[in-house]
Amino acid sequence: MDARLFEGPRERGITLMAARDQHGVGAPFGDRFQVVGRAERKVDGLAKATGQAVYTDDIQLPGMLHAKILRSPHAHARIRSIDTSKALALPGVHAVITGRDMPIKYGVIPWTPDENALALEKVRFIGDEVAAVAALDEDTANAALRLIEVDYEVLPAHFDPKDALAKPEVQIHETPEKPDRGNVSKHVRLEFGDVDQALEDADVVLEGHYRFHGSTHAPIEPHCAVAQVSPDGVLTLWSATQITHYVHRALARVLELKESRIRVIQPCLGGAFGGKSDPFALEFAVAKLAMVTGRPVKMLWTREEVFYAHRGRHPMQLHYRSGIRRDGKLTGVDAKILIDGGSYSSFGLVTTYYSGQLLTGPVHFPTYRFDSTRVFTNKPPCGPKRGHGSVQPRFAFEVQLDELAEAVALDPIELRRRNWQGEHTHTVNGQRITSNGFLGCLDEVERASGWRERRGKLPFGRGLGVAGSMYISGTNYAIYPNDMPQAGIQIKLDRSGLATVFTGGNDIGQGSNSVCRAIVAEELGLDPDDVRVVAADTDLCPVDLGAYSSRVTFMVGNATIDAARKLRRLVTGAVAKKWSVPENRIFMGRGEVFDLEDRSRAITSREAIQIAEALHDTLGATGSYNTPKLGGDYRGGTIGASPAYSFTAHVVEAEVDVETGRIHLHNCWVAHDCGRALNPMLVAGQMEGSAYMGLAEAVMEVHDINRFGLHAGPSLLDYRIPTSVDTPELHALIVESLDPEGPYGAKEAGEGPLHPALPAISNAVYDAVGVRLRELPFTPAAVLRALRAAGVGPKARAAQQPEGARR
Amino acid sequence: MLRLPKTRVAKPTTVAQAVALLVEHGEVAMPIAGGTDLLPNMKHGLFEPEVLVALGGIKELQRFELQTDGTLILGAGVSLDRIAADERVQRTAPALAQAAGLVAGPQLRRMGTLGGNVMLDTRCQWYNQTHFWRQALGYCLKKDGTVCHVVAGGKKCVAAASNDTAPTLMTLQATLVFEGRSGRREVAIDDLWHTDGIHNKKLGTDEILVEVRVPPRATGHRGAYGKLRERGSIDYPMLGVAARLDVGRDGAVEGADLVLVALQARPVRVRRAAELLIGVPSSGDNFAEAVAAVAEAAYAQAHPMPNIPGDHEWRREMVPVYVARTLHAAATGTGPVHHV
Ligand SMILES: Cc1cc2nc3c(=O)[nH]c(=O)nc-3n(C[C@H](O)[C@H](O)[C@H](O)COP(=O)(O)OP(=O)(O)OC[C@H]3O[C@@H](n4cnc5c(N)ncnc54)[C@H](O)[C@@H]3O)c2cc1C
Ligand code: SF4
């Protein structure tokens, strides 16, 4: 590690961290892990594969009603009046509600509550929710929707963020208290060091404009929620959500109920990817309808409605200017970013910060400025999608790095090595970096792809491209300020030999429940089959903030170790006492407990637990995790501050058909530093899934709004997620850096490995045909235009190509 | 999930019964085979039949024979996956087998039938959408509305014929056997089409397609199908190219045909293809030159419109590319032309 002059806002000393949050990277017994590090099957794998898993829509309750939502056909309109009388009169209809029934605004970020469960005065995009009906069945509910009469005053609408800025008089969210706000949702400008001087001092300064088009999550399970109110007034909500805790809070706020009267449960979930991390209209609507009717109420959204719910990746227009010296060292980066937020804030405040804050590794640049503006438009609201806020700037920057490498005649991998930030250091914007396995990632993709022998030497049309990235393992920004733990765990252990873990963590398919099980089995020396996980039920489980920001393995994992170690001490202590040997001679592993110095003295875990239960009474423990104090010492400095960062490098092998513009992806090598792979099968699955998702949005997926403000194709036929035949060979190469603060050294693996996919394709195309693709998506039509503009491949036939096809 | 409107389903076991049901219920009845086109369309509110006459139980529609004279008889109810996998079809009508094998995805080919494919409704990005979506748009000419969103001020629907097998059947000079209230009739598939996106087939509401007859192939018959689409599976064609070459003993092209689909309301024949190819040796530079000339002719004739999703200018650029590739594939027996 090279010592580097740190020019960030403030060098920081040793950060304080509670003892409960640091558990070391080693195995709890001896020097070998029993469960951790093995490819254990997911806790719910068989249930999902056999169809036994219970998803929200599988829930059927006696007397259950079905609800539907009326949506706005206008992109921007004022609601003059709503007449629900005809709908209410339809036989089979039990209730109709509108915005007036739930007038309190909310937002997942408490500083920007700009959403209503159902529109109150205005609608802001085609698909915005206006009213909800509960009826005997879905068909009756749908029929009732057609009988609701809404009188709209249609307003001019914005579909382009530049227009929205230029014409603030058409204001999407009125702000009488701040008349100058116009359509700006959030603006952040931060500068670290003297960028202008640094660019002056550079030998080469490159400037480029880049574009990310917008994409959505497309989880296979659509949003669904069921609500029931018990006779004594307790509201239970089952919902396909990845944030039970925030839904819990939002329900209490909007429905004006005490949190203690609400229970939120997340059943088995069919994918989320960030698309289920806001509270949604359907959750409030079924809850309110259940309260009004006294009957359980279910609402399942159609695929089209999932596209309107969106919260997908923000379209961004990005401008980067970077300086480099002849020796290959970067001097500074200057970024200006325009973010199309769609119609509501959602996580937009964080997105705006993330668009700049998360770029400052693994490549170091000593000076940095970013200026990001998020703007409201009359489109489905954008939000967090896997790699929240940072996939777009990462795309731009990693393509620019490739251009810089060329400008100073350096191999792009070498450029990244030369500017590597190092480990146990700080970034230019004051974030603390602990472990950093990026060099290992570069080595792996370089080796596996045959980079040295093949890059620049493949036949015309075929090429290799590299890109790197960094991502957070959770953040110490807890969305709402509080001093309580970010993750809590409770474990019950009893004479049956079973350990039951209660976690507020949301398993959204990423396998967090399996991680909990593995950790408890490891710590208590149990067979994993003797550990059961109860998750994401606010009545039963301690609070966890939810599945976002890649925080669950890191934070819940640490909390689980914390709780399990307390229990372990009770068990080993009790057995040691009974056997009259020192505690450190007691070994627990895979269902057995024995004396390390006398192997003949051995009992089963169950017997050991019984000894402990007899000695200590009923066994249980809680555990918690909170981040140390982190972040730069400036406003927003905690946003993006993570207890540990993961690192990734990709090499993509692409082939360009210069006649059609189609990019054929052959291979994608994904090397990812996840700290320690607690379950290599799950880590590899996340790496492959991430890379797949990134490649998909680079070459196929387009979340487009047409000239009428309508989603161009809100279906899985028209929104093209790649099928298996469209997916290249994905090679997951796990790199372990053993983070000092991660659970056994683990860091995140679910989002980081997405980032480099997009720029690596662009860089591979450059190697293949010498054309730079700076604007996503790389659809064949767009690529063909770029090839022709660069004079590559056959010429266009018609002298004049009509501009801009009507869409 | 979108709801399927409630309808009655009638299950005839003979063609005559099916026709009688269509006659009895008139306008409100529709035949249904695999349902892979009709059911999504009903969920979108594009068709609102009150009675579905299900053809799945009619044995006669499952006919699948290669007659001794070389005529291929394909019942309308034969599934696309069977056609694609059948050795007789692969041998005698390769373009058809290839096209059938590229329709939609595996599950849909198992349910979808040849008859349903020939009778497929035309498609358009402003039309194949939910009722909510179309209502927000204000509908269009083809269903419930008065304007076209593809051609500003257009008075005619230009939704695209999107059936992959249709152009191959045209190059194979297939005839269609229909049965209706006035008995059976045979129609050359070329004569089935109207250039009208609303109804692109000349057909009575009481008529059922019974079978497709592919006449004996010429000796030296070669065929191929090329399909442009975004993904390697599931997607409808953004352009389909069916090619036929009849190659004589001397290796020269004696007959040729080229038909494109997914451009306009009906499959379109490239008129100059035969003229440019006949008499040319089926390999070598002369062939390549002739193919290039055909590709240019196809380009000049084809004017994709922004009817189906995707960049229509790019679709136009792809016409000569796919025409050339498909003709070469036909000549060398290396079809289909497909990007995966
Ligand atoms: C996701 C998706 C992708 C698709 N992709 C493609 C594609 O790539 N290429 C393609 O060509 N198609 C595609 N299709 C459409 C469809 O699957 C096929 O065209 C299939 O062959 C239709 O056959 P079917 O038996 O299911 O027809 P049905 O849906 O049963 O019927 C279609 C129409 O034909 C009529 N009909 C059916 N049989 C008869 C008959 N014997 N006589 C008279 N009328 C009849 C019906 O009344 C209806 O109007 C796709 C469909 C989906 C859902
Ligand atoms: S071409 Fe499309 S928009 Fe025009 S009328 Fe036909 S279906 Fe409607």
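Observations, loosely collected:
- For segment B:30-121, the strands (runs of 3 or more DSSP E) that sit wholly inside it and include 2 or more residues that are more than 16 Å from ligand 2 (Cβ to nearest atom) and in contact with a His (Cβ under 9 Å, 6 or more places away or on another chain) are B:51-54.
- Residue match in segment A:688-704 (condition: surrounded by fewer than 23 Cβ atoms within 10 Å (Cβ to Cβ) and farther than 30 Å from A:G450 by Cβ): yes
- Contact annotation: residue pairs with Cβ atoms under 6 Å, 6 or more positions apart or on different chains, pairing a residue in segment A:695-714 that is at the interface with another protein chain (Cβ under 8 Å from one of its Cβ atoms) with a partner that is part of a loop (DSSP other than H, G, I, E, B), are A:M700/A:R720; A:M700/A:P722; A:L710/A:I126; A:A712/A:D704; A:A712/A:N706; A:G713/A:Y719; A:G713/B:P309.
- Where a residue in segment B:6-34 is within 14 Å of chain A (Cβ to nearest Cβ) and its partner, wherever it lies, is more than 14 Å from ligand 1 (Cβ to nearest atom) and modelled with pLDDT of 95 or more, with Cβ under 9 Å and at least six apart: B:K6/A:D139
- In segment B:276-310, the residues that are of a type in the set (S, T, N, Q), within 14 Å of chain A (Cβ to nearest Cβ) and not in a loop (DSSP other than H, G, I, E, B): B:Q301
- Enumeration of residues in segment B:35-60 that are among the small types (G, A, S) and more than 14 Å from every other protein chain (Cβ to nearest Cβ): B:G35, B:A54, B:G56, B:G57
- Of all residues in segment A:720-729, none satisfies being on the phi > 0 side of the Ramachandran plot and not hydroxyl-bearing (S, T, Y).
- Screening A:T723 with (1) in contact with a Gly (Cβ under 8 Å, 6 or more places away or on another chain); (2) facing chain B (nearest Cβ under 10 Å); (3) buried (at least 24 other Cβ atoms within 10 Å of the Cβ) gives one miss only, at (3).
- Hits in segment B:100-117 (condition: more than 8 Å from ligand 1 (Cβ to nearest atom) and surrounded by fewer than 24 Cβ atoms within 10 Å (Cβ to Cβ)): B:G101, B:P106, B:Q107, B:R110
- Conditions (1) within 14 Å of chain B (Cβ to nearest Cβ); (2) assigned to a loop (DSSP other than H, G, I, E, B); (3) under 27 Å from the mean Cα position of the chain (by Cα); number of the one not met by A:H74: (3)
- Residue match in segment B:207-226 (condition: within 14 Å of chain A (Cβ to nearest Cβ), more than 19 Å from B:L46 (Cα to Cα) and either under 17 Å from the mean Cα position of the chain (by Cα) or within 16 Å of ligand 2 (Cβ to nearest atom) (or both)): yes
- The criterion of at least 3 residues that are among the charged types (D, E, K, R) and surrounded by fewer than 22 Cβ atoms within 10 Å (Cβ to Cβ) is met, among strands (runs of 3 or more DSSP E) falling completely within segment A:581-645, by A:598-604.
- Listed here are the helices (runs of 4 or more DSSP H) enclosed by segment A:302-416 that have at least 1 residues being in contact with a helix residue (DSSP H, G or I) (Cβ under 8 Å, 6 or more places away or on another chain) and closer than 30 Å to B:L4 by Cα: A:303-309.
- Looking only at segment A:544-560, and only at residues there that are part of a helix (DSSP H, G or I) and out of contact with any Gly (no Cβ under 7 Å at 6 or more places or on another chain), the one that is nearest to A:L269 (Cα to Cα): A:T553
- So B:V268, is it in contact (Cβ under 8 Å) with a residue 24 or more places away in the chain, crowded, with 19+ Cβ neighbours inside 10 Å, more than 10 Å from chain A (Cβ to nearest Cβ) and farther than 23 Å from B:V158 by Cβ: no
- Meets criteria (at pLDDT 95 or above, within 14 Å of another protein chain (Cβ to nearest Cβ) and in a loop (DSSP other than H, G, I, E, B)) for A:L738: no
- Residue in segment A:340-362 that is surrounded by fewer than 24 Cβ atoms within 10 Å (Cβ to Cβ), in contact (Cβ under 8 Å) with a residue 12 or more places away in the chain and β-branched (V, I, T) present: no
- Screening B:A97 with (1) surrounded by fewer than 24 Cβ atoms within 10 Å (Cβ to Cβ); (2) without any contact (Cβ under 8 Å) to a residue 40 or more places away in the chain gives one miss only, at (1).
- Residue pairs meeting the criteria (Cβ under 7 Å; at least 6 apart or on separate chains; first at positive phi, in segment A:629-650; second of a type in the set (A, V, I, L, M, F, W, C)): A:G631/A:A641; A:G636/A:V188; A:G636/A:L190; A:G640/A:L358; A:G640/A:I472
- Residue match in segment B:231-245 (condition: touching a residue at least 60 places away in the same chain (Cβ under 8 Å), within 16 Å of ligand 2 (Cβ to nearest atom) and part of a strand (DSSP E or B)): no
The values are calculated or read from the model by the stated rules, or taken from the named source; none is laboratory data. Everything numeric here is computed off the predicted structure, so don't read it as measured data. Neighbour counts are summed over all protein chains in view; Cβ atoms, including those assigned to glycine, are modelled from backbone coordinates with ideal geometry.
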